[in-house]
Amino acid sequence: MNTPQPRSTEENEIVLGIGMGPLRFGAKMDEVRALMGEPEEIEESEDDDEFEHQAWNYLEEGYSLYFDREDDYRLSCIETDHPGMSLFGEPIQGKSLAQVQELMSRHGYQNPEIEKVDTGEVRLSYEKEMIDLYFDEDELQFVNFGVFINDDLEVQWPA
């Protein structure tokens, strides 16, 4: 499935496996810093975390950017609650679970997992597409998505 690329750095378009707007998976920390400026906070992973990483939080912009040590600290995951986020050219913030499933289905993505998480939200997951969408009271609150990983668990950096 070919998804059109974002047309400008102003857009908050999520492109599965690629990134969001000007943020592309595989970018090095200095490239992200040049695009976004200094993060408002940097979180280090806990000692008992499975993957050692840094999370750069841009709280005002509504982004958390994740850099995994095993990927040489390249951008591998984005979490956002940005009110202007869109997917396949459509705004998605505040959409219902059914509306987001229908959007994904129209673009060929079927059979998601739906789970109520401990904090009370509902998570809609498309595992192969590396995207989790979180709903509270049937309204999309935030999205966590990452670089694609193949069946051999190898990272598929965008070209």
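The values are calculated or read from the model by the stated rules, or taken from the named source; none is laboratory data. Here the structure is a predicted model, which means the values were calculated and not measured. Heads up, the Cβs are rebuilt from the backbone with ideal geometry, glycines too, and the neighbour counts pull from every protein chain shown. What goes into the accessible areas is simple: the full protein's heavy atoms, side chains included, and nothing from ligands, DNA or RNA. Shrake-Rupley method; radii C 1.70, N 1.55, O 1.52, S 1.80 Å.
Could you grab me the full set of residues in the stretch 88-98 that are outside any loop (DSSP other than H, G, I, E, B) and touching a strand residue (DSSP E or B) at 6+ places or on another chain (Cβ under 9 Å)? Show your work before the answer.
So in the stretch 88-98, the residues outside any loop (DSSP other than H, G, I, E, B) come out as 90-91, 97-98.
Leu97 - this is the single residue of the stretch 88-98 that is outside any loop (DSSP other than H, G, I, E, B) and touching a strand residue (DSSP E or B) at 6+ places or on another chain (Cβ under 9 Å).
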Could you tell me which numbered condition Asp118 fails, if it satisfies all but one of (1) free of Cβ contacts under 8 Å to residues at least 40 places away in the same chain; (2) touching a Ser or Thr at 6+ places or on another chain (Cβ under 8 Å)?
-> (2)
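From the list Glu90, Glu113, which one is open to solvent by less than 60 Å² (accessible area, probe 1.4 Å), among the charged types (D, E, K, R) and over 24 Å from Glu31 (Cβ atoms)?
On the way: Glu113 fails: open to solvent by less than 60 Å² (accessible area, probe 1.4 Å).
Answer to the check: Glu90.
Collect the residues in the stretch 146-159 that are small (Gly, Ala, Ser) and not in a strand (DSSP E or B), keeping them in residue-number order.
Narrowing the stretch 146-159 to residues small (Gly, Ala, Ser): 146, 159.
Across the stretch 146-159, the qualifying residue is only Ala159.
If I filter the stretch 25-37 down to residues being assigned to a loop (DSSP other than H, G, I, E, B) and at pLDDT 95 or above, which single residue comes out as surrounded by the most Cβ atoms within 10 Å (Cβ to Cβ)? Can you show your working first?
Initially, the stretch 25-37 is screened for residues assigned to a loop (DSSP other than H, G, I, E, B), giving 25-27, 37.
Okay, now just the ones that are also at pLDDT 95 or above, so 25-27.
Numbers: Phe25: 24, Gly26: 18, Ala27: 22.
Per the stated criteria, the residue is Phe25.
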Verdict on Gln101 being outside any loop (DSSP other than H, G, I, E, B) and open to solvent by 60 Å² or more (accessible area, probe 1.4 Å) = no
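Looking only at the stretch 134-159, how many residues end up being touching a helix residue (DSSP H, G or I) at 6+ places or on another chain (Cβ under 7 Å) and at negative phi?
Of all residues in the stretch 134-159, those touching a helix residue (DSSP H, G or I) at 6+ places or on another chain (Cβ under 7 Å) come to 135, 138, 140, 155.
Within this subset, residues satisfying the condition of being at negative phi are 135, 140, 155.
Going through the stretch 134-159 one residue at a time, the tally reaches 3.
Conditions (1) under 21 Å from Met20 (Cα atoms); (2) under 17 Å from the mean Cα position of the chain (by Cα), marked per residue:
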{"site": "Leu87", "(1), (2)": "yes, yes"}
{"site": "His107", "(1), (2)": "yes, no"}
{"site": "Asn111", "(1), (2)": "no, no"}
{"site": "Lys116", "(1), (2)": "no, no"}
Scan the stretch 51-87 residue by residue and report those that are open to solvent by 60 Å² or more (accessible area, probe 1.4 Å), closer than 21 Å to Glu129 by Cβ and part of a loop (DSSP other than H, G, I, E, B).
-> Phe51, Asp81
Does Asn150 satisfy the criteria of being loosely packed, with under 12 Cβ neighbours inside 10 Å, touching a strand residue (DSSP E or B) at 6+ places or on another chain (Cβ under 9 Å) and not basic (Lys, Arg)?
-> yes
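Just for the stretch 118-140: of the residues that are open to solvent by less than 40 Å² (accessible area, probe 1.4 Å) and assigned to a loop (DSSP other than H, G, I, E, B), which one is nearest to Gly21 (Cα to Cα)? Working first, answer last.
Step one: filter the stretch 118-140 for residues open to solvent by less than 40 Å² (accessible area, probe 1.4 Å), giving 120, 124-126, 129, 131, 133-135, 140.
Now restrict to residues that are assigned to a loop (DSSP other than H, G, I, E, B): 120, 129.
On the way: Gly120: 30, Glu129: 18 Å.
Here the answer is Glu129.
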Only one of these conditions is not met by Val143: (1) assigned to a strand (DSSP E or B); (2) aliphatic (A, V, I, L, M); (3) open to solvent by 60 Å² or more (accessible area, probe 1.4 Å). Which number is it?
-> (3)
